[in-house]
Structures are given as structure tokens and as C-alpha cells.
Amino acid sequence: MRLTPDQQSLIRSAVVESFGDAASIWLFGSRVDDNKRGGDIDLLIETRETDVAAIVRAELAFLTKLKMKLGERKIDVLVDYPTRHYTPPIFSIAKQTGIRL
């Protein structure tokens, strides 16, 4: 995994601050592979929240906190929640190939 322990900790704390301590998070994509270089930070966050407006606010708060803590980096975030009507295949791929933080 190409995230330092400090970066992992910052991501986890930003998730808890924004989505609550019941949220789960996975790192997926190129950052999972130690043999690759560069790449954005791809994250899947799973929340129990069902209110879409609250989820959007939490995602914006999360991204703001993370960019303040990690600096300007390309960060892609997927948010999964129980009332989602359609789950794109990338969500399953992220869980299968990713690393839970």
C-alpha cells in the first residue's frame, strides 16, 4: 500500500469526523499496488446514513478536511449507503481489490 501510516490515520480520522465512527473505508486502485508509482487516492466509504443530503454534506466535509490535512492531491471518493437504488460495479471491485483502512 502506498500510503504512509500518517496518511492512513488522517484519512480514517477525516472519515470518522465526517461520516461517524460506524463508517468503513477502503483504499483501492493504483495506490494498493506497491510496484506502481504516482496515481490518485481512490477511496470507497460505506456509511449507514440514508439521507442523501446528509451524505452529500458529509462527503464535502470529508474532502475539505482531507485536502486541508494532506494538501492538494487528486482524491476520488465513492460513497455507498443502504438506500442507494443502483450500485455501479466499481463499488464491488473496490471492495474486492481494495484494502480496508
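The residues in the range 40-62 that are without any contact (Cβ under 8 Å) to a residue 40 or more places away in the chain and surrounded by fewer than 15 Cβ atoms within 10 Å (Cβ to Cβ) can be counted, and the count is 10. Among residues belonging to the range 30-66 that are at pLDDT 95 or above and assigned to a strand (DSSP E or B), point out the one that is nearest to residue 15 (Cα to Cα). The qualifying residue nearest to residue 15 (Cα to Cα) is 45. The lone criterion from (1) outside any helix (DSSP H, G or I); (2) within 11 Å of the chain's Cα centre (by Cα) left unmet by residue 21 is number (2). Select from the range 25-39 the residues that are within 14 Å of the chain's Cα centre (by Cα) and either under 20 Å from residue 86 (Cβ atoms) or among the basic types (Lys, Arg) (or both) and write down the one among them that is surrounded by the fewest Cβ atoms within 10 Å (Cβ to Cβ). Among those that are within 14 Å of the chain's Cα centre (by Cα) and either under 20 Å from residue 86 (Cβ atoms) or among the basic types (Lys, Arg) (or both), it is 31.
The values are calculated or read from the model by the stated rules, or taken from the named source; none is laboratory data. Keep in mind the model is a prediction, meaning the values are calculated, not measured. When we count neighbours, we look across all protein chains shown, and the Cβ atoms used for this are built from the backbone with ideal geometry, even at glycine.
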